[in-house]
1. With each pseudo-label sitting 7 Å past Cα toward Cβ, what's the T9-L22 distance in nm, one decimal?
2. What does the highest-first list of 75-81, 12-18, 29-35 look like by mean Cβ count within 10 Å?
3. Extension gain I125-R104, at 0.36 nm per residue separation less the Cα-Cα distance, in nm?
4. Before I look further, what does the stretch 1-58 give for accessible area per residue, probe 1.4 Å, in whole square angstrom?
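The values are calculated or read from the model by the stated rules, or taken from the named source; none is laboratory data. Here the structure is a predicted model, which means the values were calculated and not measured. Here Cβ is always computed from backbone atoms with ideal geometry, including for glycine, and neighbour counts include all displayed protein chains. These area figures cover heavy atoms from the full protein model, side chains too; ligands, DNA and RNA do not enter into them. Shrake-Rupley method; radii C 1.70, N 1.55, O 1.52, S 1.80 Å.
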Amino acid sequence: MSALEQALTDYLHLRHSLGHELAEAGWLLPGFVAWLDAHGSPTVTIEAALAWAQQAPKSPAGRVTTVGPRRMTAARGFARYLSGIDAGTEVPPLGLMPRRAPWRRPFIYSAADIDVLLELARRTIVSPLRAATYQTLIGLLAASGLFSGGQDQYKWGVFTDHPGRAMINYSPSPREVLHMWRACAGQASDQQR
């Protein structure tokens, strides 16, 4: 067992004893230590960590996966631990290999899909007021073109996925949805009296 393998065992044991799960580090770091040993590196350096992290495999479609930034995060944690033991250890700085979440094309519901969602909300949610609230939320999202996915991504009316192209998906009008909600809310308050 090399000194780095022993240090990794100690690092993982210490972190586990402190209550950390380290699921990714547990399967990523042994490969990093093996890579360091194979390249004759006695400790972690920024250059070595970056070279190892950039070896991240590509997806079958040829796109870079998020494994590289996750590798860098695991290597950085291990390097911070090693820097307390070995003064020659270099800790890779934050932002060296930023993690970027891939943009996913939103699923655009058809009018039939929205009708099914509205009906399911009405039939499956026990509380009439809560069912009406969800029907209203779904209806307003559909009618206004809003979509969820982060506060900075809310758009009113039109969703554009590329310059010059727009997708608009309207279902019941907001007025119709609010009327439905008011009717259900009125029924719920009458039932509670």
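1. 1.3
2. For the peptides 75-81, 12-18, 29-35, the packing ranking is 75-81, 29-35, 12-18.
3. 4.6 nm
4. Values: 3310 Å² over 58 residues.
Value returned for the stretch 1-58: 57 Å² of accessible area per residue.
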